[in-house]
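The values are calculated or read from the model by the stated rules, or taken from the named source; none is laboratory data. Quick caveat, the model's predicted, so the values are computed rather than measured. Here Cβ is always computed from backbone atoms with ideal geometry, including for glycine, and neighbour counts include all displayed protein chains. Accessible surface areas use protein heavy atoms only, side chains included; no ligands, DNA or RNA. Shrake-Rupley method; radii C 1.70, N 1.55, O 1.52, S 1.80 Å.
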Amino acid sequence: MSESESGNDSIELIVEGDEKTVSGFIRGLFIGARNPDWPVFHDELGIKSETFAEQLKGWVGLSEPLSHFVVDRDALALVQSALADPRCHGMKLRAGQVVTEASFAFEFKVFTEAAGAQVRAIFEQVPGDVTVEGWDPQETRRHEDTEGVELYSPVHHYRLEGSGRVSGPFKHVLYVHEQARRVEQIEEEKMTLVLGASVLPEEG
Amino acid sequence: MGNLASGSDEQRPPSPWRTQLALALLATAAVLLLPDIAAAAGDAHGGDHPSLGARLPLWSVGPFVGILLSIALFPLVAPAFWHHHYGKVAAGWAVLFAIPFLVGYRMEAIDAILHIYAVDYIPFIILLRALFTVAGGIVVRGSLKGAPKVNVTLLAIGTVLSSVIGTTGASMLLIRPLMRANDWRINKTHLIVFFIFLVSNIGGSLTPLGDPPLFLGFLHSVPFFWTLNLFSPYLLVSIMLLVGFFALDTYYYRKEPEDAKQAMLAQESEPLKLVGTHNFLYLGGVIAFVLFSGSVKLGDVHLTAHLHVPIQNIVRDVGLVALGLLSMKTTPKALREENGFTWGPIEEVAYLFAGIFMTIIPALAILGAGVDGKLGWLVAGVQSDASYFWVTGGLSSFLDNAPTYLTFFNTALGGLDMSAAECMQAAAGCGEPEKVAVLISDKERTLLAISAGAVFMGANTYIGNAPNFMVKAIAEEGGVAMPSFFGYIVRWSLPILVPCFVVVTFVYFM
């Protein structure tokens, strides 16, 4: 996605159709149009989409499978016109809503000062419009005789643990989420999106 | 003499109140327990009297249970306390058994204590120290590219190496190269868990050097090469786990971010090399000395009227100490620092097993007495090979596997039906070597079940075998998110290991 300062320029789109087909089509569309943005699919990047019940309905054929992805507002027209093309069989744009906010909860436990510094950098140097609620990490340093390996009485010399919730505009929260995902000792939940007004004209 | 009545120079009684209280408690325990002990003690030596095991009361195994539970539970519930006071806790349990035992059984107790320390504890510590020192001087340098084929090869090498240099040594040698190779990855937990399964536990099945339970068996007359009989179940479980690991690692490898994968593949790799390889000579020396002690008979040294230590064992132990000292002298300190080598683990083993070997005396004696002892119900109850495998293994999962092996080894010996004729045929009578020979000739699968259960199932929890916690701690400090104690059991050992062990049961022990 292109850099943007606006918080309301991300749109969540829901397309009805086989997931692999939709994902391939949309990605191909962006590459073919040489659009610098890139769609963010929910499954790939840990964003909550349907409930389990809705997924189950899709699996057993009671409803069509749905693909959720987020694009920049500037790319909306590209996707709408492509999916409206009559040659585009088996895919239909079902919904499009502004993403007003995104958030995710996290917790972590790390055991070296270097890892502690890395975690602090992720959650203390967030973009200005992102907030981290509940950030109060507990740091423990023990006596130097706890350094080194032990067989029966392992105690870490250093420990930093904490938890919290990151929230703010989608793109900036996604950036923090991606950084957190790359550190195995941070357990982060999937991102939750708060959706606003629809961007699609009403049918009928 | 000073003026006791003057103010500032007044002298106080020497004993602090805590020492007096401790002595009072011990004396009270001895007095309260003495009638029970004395009634069962009988004559110390000579005459026709039941064996020690037949006379010891059941509660005498209490300190043994206590020390094993302490080792199992304290690291989980009070790790900082345990780290600083494990030695005192072990000593406390040992003294709690030793004092009434010595008071009640006198010379018999002294003989039993000297025997277990001379025959089991000292050789055990000497061997572990030698292996740990030698392995700690070998470093694997260079970089590997952490992909499924590389990782499974590394695990397979570690699984073989464990039987040569011990599970602790192999774990120490290979855990950091494995982590370095996979440093670029987000999903690493499975690497460490399978490392614990294979290198820290199952891999140590093939020789007495591989895992402490098997060395204890060797010290108790199981022939050195007998453990090669575990090759078939070892191979079966290793193959199942390596195949499962490869599939899982491939799945996680594909989930890694593409940019990180490409960067890793594009990186120039530093060729792998082993440094400190002269320690392999010392390792050969360790194997040679252990084999020597099992192959020759040079006579005995009589430490007491009833305690005879074979000369070849003394030669072995002196040789192992010398090899450890040579390794320290000839290996640069920097190499050991690369391995994170410290004496901490050996100190832990020394203090804890000093306590374990003291407190295990009644358990071994009672079980050795078979149905005549107070644990006759256990001897009678664990009969089939499958039940030996699961009971030994189940307890080894939660209590250290070395004393658990020894306990069930003695249970099996106690369950032998040695006729007077068999005893008379053995020139030396019905001592332990004769009983072990009968166990191997008549019930070899039972011994296989006990050995496999103790070694394999040490992998079931973090507390089942010594290297497990060490590997977990090293991994956590290397940035790997390791599961909690119960998370490890529920998400890893129950769904992966237990089905493997069920297969082993049906193939080998039914």
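Mind listing just one residue for me: the one in the range A:101-116 that is farther than 15 Å from A:Arg181 by Cβ and open to solvent by 60 Å² or more (accessible area, probe 1.4 Å) and, of those, farthest from the other protein chains (Cβ to nearest Cβ)? Among residues in the range A:101-116 that are farther than 15 Å from A:Arg181 by Cβ and open to solvent by 60 Å² or more (accessible area, probe 1.4 Å), the one farthest from the other protein chains (Cβ to nearest Cβ) is A:Glu101. Counting only helices (runs of 4 or more DSSP H) that fall entirely inside the range B:317-426 and contain at least 3 residues that are within 14 Å of chain A (Cβ to nearest Cβ), the qualifying elements are B:333-338, B:344-368, B:401-414. Against the list (1) of a type outside the set (D, E, K, R); (2) crowded, with 20+ Cβ neighbours inside 10 Å; (3) at pLDDT below 95, the condition B:Leu206 fails is (3). Among the residues here, B:Ala412 does not qualify as more than 22 Å from B:Leu52 (Cβ to Cβ) and either modelled with pLDDT of 85 or more or not hydroxyl-bearing (Ser, Thr, Tyr) (or both).
One line per residue, one yes/no per condition, for (1) modelled with pLDDT of 80 or more; (2) open to solvent by less than 50 Å² (accessible area, probe 1.4 Å):
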{"site": "A:Gly17", "(1), (2)": "yes, yes"}
{"site": "A:Lys20", "(1), (2)": "yes, no"}
{"site": "A:Ile31", "(1), (2)": "yes, no"}
{"site": "A:Pro36", "(1), (2)": "yes, no"}
{"site": "A:Val40", "(1), (2)": "yes, yes"}
{"site": "A:Glu44", "(1), (2)": "no, no"}
{"site": "A:Thr51", "(1), (2)": "no, no"}
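Evaluating A:Gly164 against the criteria (1) in a strand (DSSP E or B); (2) within 14 Å of chain B (Cβ to nearest Cβ); (3) of a type outside the set (Asp, Glu); (4) surrounded by 14 or more Cβ atoms within 10 Å (Cβ to Cβ) leaves one unmet condition, (2). Counting the residues of the range B:228-257 that are polar (S, T, N, Q) and closer than 19 Å to B:Ser200 by Cα gives 2.
Inside the range B:439-486, residues that are away from chain A (no Cβ under 14 Å) and over 27 Å from B:Phe231 (Cβ atoms) make up a count of 1.
Hey, can you tell me all the residues within the range B:331-347 that are open to solvent by 20 Å² or more (accessible area, probe 1.4 Å), in contact (Cβ under 8 Å) with a residue 60 or more places away in the chain and more than 22 Å from the chain's Cα centre (by Cα)? Answer for the range B:331-347, where residues must be open to solvent by 20 Å² or more (accessible area, probe 1.4 Å), in contact (Cβ under 8 Å) with a residue 60 or more places away in the chain and more than 22 Å from the chain's Cα centre (by Cα): just B:Glu338.
Is at least one residue of the range B:112-131 in contact with an Asp or Glu (Cβ under 6 Å, 6 or more places away or on another chain), open to solvent by 20 Å² or more (accessible area, probe 1.4 Å) and modelled with pLDDT under 90? No: the range B:112-131 contains no residue that is in contact with an Asp or Glu (Cβ under 6 Å, 6 or more places away or on another chain), open to solvent by 20 Å² or more (accessible area, probe 1.4 Å) and modelled with pLDDT under 90.
The residue that is farthest from B:Ala466 (Cα to Cα), counting only those in the range B:140-164 that are at pLDDT 90 or above and of a type in the set (Val, Ile, Thr), is B:Val150. Within this structure, A:Glu150 fails the test of being surrounded by 14 or more Cβ atoms within 10 Å (Cβ to Cβ), in a strand (DSSP E or B) and facing chain B (nearest Cβ under 8 Å).
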